[in-house]
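To start, the structure under review is shown below, and the notes come after it.
The values are calculated or read from the model by the stated rules, or taken from the named source; none is laboratory data. Because the structure is a prediction, the values reported are computed rather than measured. Glycine also receives a Cβ, built like all others from the backbone with ideal geometry; neighbour counts cover every protein chain displayed.
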Amino acid sequence: MVPFLRNTWRGLTSMRTALILLFLLALAALPGALLPQRTLNANKVADYIAEHGWWGRLLDRLQFFNVYASVWFSAIYILLMISLVGCLLPRTLEYARALRTKPVLTPRNLSRMPHHSESTVDKTPDEVIAQATRALSGWRKTEREEENGARTISAERGYLRETGNLVFHFAMLGLIIALAVGKLFGYEGQVIVKADGSQEFCNSGVLGYDSFQPGLRVDGTDLTPFCLKVASFDVNFLPTGQPDLFRANLEYQSEKDLDTGTWQTYGLEVNSPLRTDGDRVYLLGHGYAPVFTVTFPNGEKRTMDTQWRPVDQVTFLSEGATKFDPPGITDSEERRTKQIAVTGVFAPTAQLHGSLLNSSFPDLRDPMVAVDVMRGDLGIDNGRGQSIFTIDQSMVDDGRLKRVARENLSVGGEVKLDDGTVVRFDGVKRWVYLQVSHDPAQVWVLVFAIAIILGIGASLIIKRRRLWVRVVPAADGRTVVEVGGLARTDQAGYGEEFERLSGAVTGGKN
Amino acid sequence: MVNETLARFGDWTYGATVVVYVFAMAFALIEQAFGKAKPRRAVARQLATVGGPSTSVEEVPAVEARPAERTRSERFGRMGAALMVLGALLHFTSLVLRGLAVGRVPWGNMYEYMSAVSLVAVVTWIVLMKKFPVRRLSAFVLLPIVILMFLGGTVLYSEAAPLQPALRSYWLIVHVAAAIIASGLFLVPGVASVLYLIRNRYDHDQAKFVRLGERLPGADVLDRVAYRTTIIAFPIFTFGVICGGIWAEAAWGRFWGWDPKETVAFVAWVIYAAYLHSRATAGWRGGKAAWINILGFAATVFNLFFVNLVTVGLHSYANG
Ligand code: HEM
């Protein structure tokens with residue numbers, strides 16, 4: 001059993017295994033770029049599976065639509081991490097030991113070294129040694145005396161290379177751990193907020209969000225409180241329709257402002273999120289909310305500004321469904337014959353082909369809606385959740401929700417229904433789509449990432465070199481100087497450097 | 001807003017650059033095809049076998065040493081190199097003109113990006129030509145560059161235009177610049193590794209790649225060119241990916257989200273890490289390492305084309 005474990009451990013922490021695991025990691029990451037991923041776009045995944053039949057379902061079973069949380073992807077990087085730890089521990093020990101030991105003995109036969117020079121100089125051995133010591137400043141070196149009276153210097157340089165390499169690999173480990181911590185304790189939530197200051201959003205719980213993705217250890221009860229309103233939204237488009245500027249003018253209260261009741265302002269733009277108390281607020285998108293007023297036969301009015309969603313990101317042609325409950329009707333059966341939905345498309349800049357509405361520009365130049373007014377049972381009372389952007393088509397199919405008017409309306413335009421109800425298009429509001437993100441470990445990810453760069457830089461730039469000098473007194477009062485050199489990494493370039501060094505050691509050419 | 005005249009001059013200069021590169025390529029090809037295989041070859045073989053099971057150097061048919069006078073093909077080679085330098089200057093000018101025309105850094109869409117990548121590759125090669133005896137290989141390096149630039153100037157061409165708001169950030173300048181430098185550098189080891197494999201094949205079996213094999217520099221030279229360039233590119237690439245993360249944190253709300261472009265960059269990064277590992281792993285140096293390097297460059301190119309043109313991700317506006 002013990003030998004088995006030991007062999008497994010050795011195998012797992014060998015360089016070859018690390019290499020193969022790296023390959024597997026690259027290979028396993030790739031499907032995430034080629035196949036749609038649930039985390040990025042769940043609808044596309046559903047479409048893909050529907051289109052590809054059994055093949056799509058098989059891929060789904062094998063977690064190919066959620067690659068980075070799949071069992072096989074996790075297995076590879078966990079093995080890689082184990083391998084990394086197993087590889088780093090002994091290397092760190094060995095490195096610590098190497099730092100304390102002296103450079104190796106001068107080899108007996110220096111002429112066997114890849115770099116070698118020998119010369120006889122008019123100096124005493126002492127002078128040569130002193131000169132060599134000066135030439136090798138910055139190297140780690142020791143001086144030794146051999147039995148036959150020859151004196152040697154062993155010098156080595158480039159220890160920082162291994163430091164860099166270890167820093168790099170440790171930082172990699174740290175980065176992976178910081179990522180994991182972020183996945184456990186972070187969260188993201190998205191919310192649509194009207195951009196006229198009318199709506200206050202508070203980060204007090206999950207329910208305030210339209211969608212929320214908690215980390216594994218987040219239950220939404222312990223969010224840092226802050227509140228915000230969008231006072232206005234500035235947009236500017238170039239004449240071509242290309243966006244030039246988006247800015248949501250926020251008013252917000254961070255945790256301590258909540259006690260004092262003060263509001264701060266912030267111009268939220270695409271590349272500059274609001275950062276407050278560990279949370280970040282991002283501007284992800286924007287859109288329009290047409291405002292409709294319905295005047296019921298009894299004279300009562302209801303006004304709604306439900307947001308519609310852009311279906312064309314270039315022209316901002318939008319679609320949606322603004323839903324009304326008739327007032328003053330207590331009988332639920334009757335009410336469910338009189339509910340009203342205004343559905344259809346909205347164009348910020350109308351362009352009509354006959355009566356077909358399209359949009360020619362994303363900004364509000366000539367807003368118009370093309371609406372179907374539906375009356376009947378909207379199906380909002382039956383407990384099934386429904387999208388705020390659409391009506392429940394099954395109600396239409398069942399004949400319980402009927403179209404009672406179809407009209408194109410400009411601002412101020414209205415349409416009168418057979419029972420005297422009037423639907424009026426009052427105007428347009430803007431809304432913005434915000435994201436709140438929280439990741440307590442992301443600063444550590446950054447720290448480790450910087451360590452990775454420094455480590456890899458040191459490790460790839462610094463070169464390890466060895467150099468030996470042997471000084472032997474010659475008979476005529478002169479001195480024989482022998483120099484040998486060995487590059488421990490990447491030979492390239494050591495040749496010239498060696499010539500320069502050995503020249504400096506012997507004190508110029510002779 | 002956009003200075004149309006400057007933009008037009010920029011495009012003309014771009015066209016001229018491609019023409020000059022094609023001529024440089026033709027001249028380099030002449031040297032490669034008609035130049036005598038150099039005596040260097042014997043030396044190269046000697047180096048290659050140091051420390052290995054040595055095949056005797058005497059077996060190599062010595063090519064008669066050439067006198068110092070330059071052969072005609074060598075003159076063509078030098079002209080090709082000079083043209084390459086001229087092309088690089090024109091190339092640089094075209095990017096500067098584009099930048100001035102739009103009043104921003106000239107790497108905001110695929111046309112500009114690919115042009116900048118090609119320029120980095122050309123400059124890298126010019127520097128390498130000074131350090132290693134590889135001038136006659138210029139055609140092999142210029143071929144992918146000319147193809148890239150041709151595609152960039154035709155199918156992927158974009159009119160001069162200002163940037164979308166999401167792209168206006170200092171991190172764009174740094175992140176994309178690092179990506180450009182790294183990709184341009186990676187092109188050279190990619191080509192060198194292909195040539196390495198050819199040369200290696202020929203060294204092991206002289207019947208393979210007869211014409212080409214003997215005219216290539218020694219396998220050790222090609223290997224060193226690939227390695228030295230990769231170790232410069234890899235930290236820059238790492239830096240670029242990290243800057244991308246910093247920018248994504250500010251722009252998209254997360255520093256990493258497995259967007260297709262991020263994913264393929266990760267894949268390429270891991271492959272190059274594997275390349276560096278392979279050179280310290282017994283049994284993986286040489287041919288296998290060269291294959292890994294080629295794979296790394298394939299991932300880089302894949303990232304440029306497939307991800308920008310086919311998939312829809314947050315990075316997609318890079319082609320707009
Ligand atoms: C988490 C995955 C890993 C990545 C991304 C990675 C990346 C790298 C890179 C880029 C280098 C070259 C730069 C340098 O020399 O410092 C390198 C070198 C090295 N790695 Fe890793 N590594 C990983 C895991 C491992 C593991 C598990 C081991 C042990 C088996 C290992 C052992 C080494 C060694 C010994 C070197 C030095 C090679 C040399 O002297 O040239 N690495 N690694």
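Select from region A:207-237 the residues that are touching a strand residue (DSSP E or B) at 6+ places or on another chain (Cβ under 9 Å) and in a loop (DSSP other than H, G, I, E, B) and list them in ascending order.
Passing the criteria: A:TYR209, A:ASP210, A:GLY215, A:VAL218, A:GLY220, A:LEU223, A:THR224, A:PRO225, A:PHE226.
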Across (1) crowded, with 16+ Cβ neighbours inside 10 Å; (2) within 16 Å of the ligand (Cβ to nearest atom), A:VAL415 clears everything bar (2)
The residue that is farthest from A:GLY32 (Cα to Cα), considering only those in region B:277-291 that are within 12 Å of the ligand (Cβ to nearest atom) and more than 8 Å from every other protein chain (Cβ to nearest Cβ), is B:ARG285
Out of (1) within 16 Å of the ligand (Cβ to nearest atom); (2) in a loop (DSSP other than H, G, I, E, B); (3) of a type in the set (S, T, N, Q), what's the single condition that is false for A:THR39? (1)
Please work out which one of (1) at pLDDT 85 or above; (2) within 16 Å of the ligand (Cβ to nearest atom); (3) surrounded by fewer than 18 Cβ atoms within 10 Å (Cβ to Cβ) is the condition A:ALA46 fails and give its number. (2)
Residue selected from region A:245-268 under the condition in contact with a helix residue (DSSP H, G or I) (Cβ under 7 Å, 6 or more places away or on another chain) and within 14 Å of another protein chain (Cβ to nearest Cβ), by the criterion farthest from A:THR224 (Cα to Cα): A:LEU245
Residues that are within 16 Å of the ligand (Cβ to nearest atom), modelled with pLDDT of 85 or more and either on the phi < 0 side of the Ramachandran plot or within 8 Å of chain A (Cβ to nearest Cβ) (or both): does region B:303-311 have at least one? no
Residues to consider are A:LEU486, A:LEU467; find the one that is more than 10 Å from every other protein chain (Cβ to nearest Cβ), under 23 Å from A:GLU146 (Cβ atoms) and either under 46 Å from the mean Cα position of the chain (by Cα) or in a helix (DSSP H, G or I) (or both). A:LEU486
Where A:GLY385 falls short, out of the listed (1) closer than 30 Å to A:LEU184 by Cβ; (2) touching a helix residue (DSSP H, G or I) at 6+ places or on another chain (Cβ under 8 Å); (3) at pLDDT below 90: (2)
A:THR240 meets each of (1) modelled with pLDDT under 90; (2) out of contact with any strand residue (DSSP E or B) (no Cβ under 6 Å at 6 or more places or on another chain); (3) farther than 21 Å from A:ARG365 by Cα; (4) exposed (fewer than 15 other Cβ atoms within 10 Å of the Cβ) with one exception, condition (3)
Considering each of B:PHE255, B:PHE266 in turn, give the residue that is under 18 Å from A:ILE453 (Cβ atoms), among the hydrophobic types (A, V, I, L, M, F, W, C), free of Cβ contacts under 8 Å to residues at least 12 places away in the same chain and facing another protein chain (nearest Cβ under 9 Å). B:PHE255
Filter region A:87-126 for residues that are away from the ligand (no atom under 16 Å from the Cβ), farther than 20 Å from A:GLU497 by Cα and in contact (Cβ under 8 Å) with a residue 12 or more places away in the chain and give the result. A:LEU99, A:LYS102, A:VAL104, A:LEU105, A:PRO107, A:THR120, A:VAL121, A:ASP122, A:LYS123, A:THR124, A:PRO125
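Here is a list: A:ALA26, A:ALA69. Which entry is among the small types (Gly, Ala, Ser) and more than 26 Å from B:GLY296 (Cβ to Cβ)? If you could, list the steps in order and put the result at the bottom.
Values: A:ALA26 fails: more than 26 Å from B:GLY296 (Cβ to Cβ).
That would be A:ALA69, the only listed residue that is among the small types (Gly, Ala, Ser) and more than 26 Å from B:GLY296 (Cβ to Cβ).
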Has region A:9-29 got at least one residue that is over 21 Å from B:ALA280 (Cβ atoms), more than 9 Å from chain B (Cβ to nearest Cβ) and without any contact (Cβ under 8 Å) to a residue 40 or more places away in the chain? no
Could we say that A:VAL181 is in contact (Cβ under 8 Å) with a residue 12 or more places away in the chain, closer than 30 Å to A:LEU22 by Cα and within 11 Å of the ligand (Cβ to nearest atom) here? no
Failed condition for A:THR315, given (1) within 41 Å of the chain's Cα centre (by Cα); (2) under 23 Å from A:VAL423 (Cα atoms): (2)
With the first residue restricted to region A:49-67 and required to be at positive phi and assigned by TED's automatic domain parsing to the domain that holds A:LEU34, and the second required to be in a helix (DSSP H, G or I) and of a type outside the set (Ser, Thr, Tyr), Cβ contacts under 9 Å at 6 or more apart or on different chains are A:GLN63/A:ALA69; A:GLN63/A:VAL71; A:GLN63/A:TRP72; A:GLN63/A:PHE73
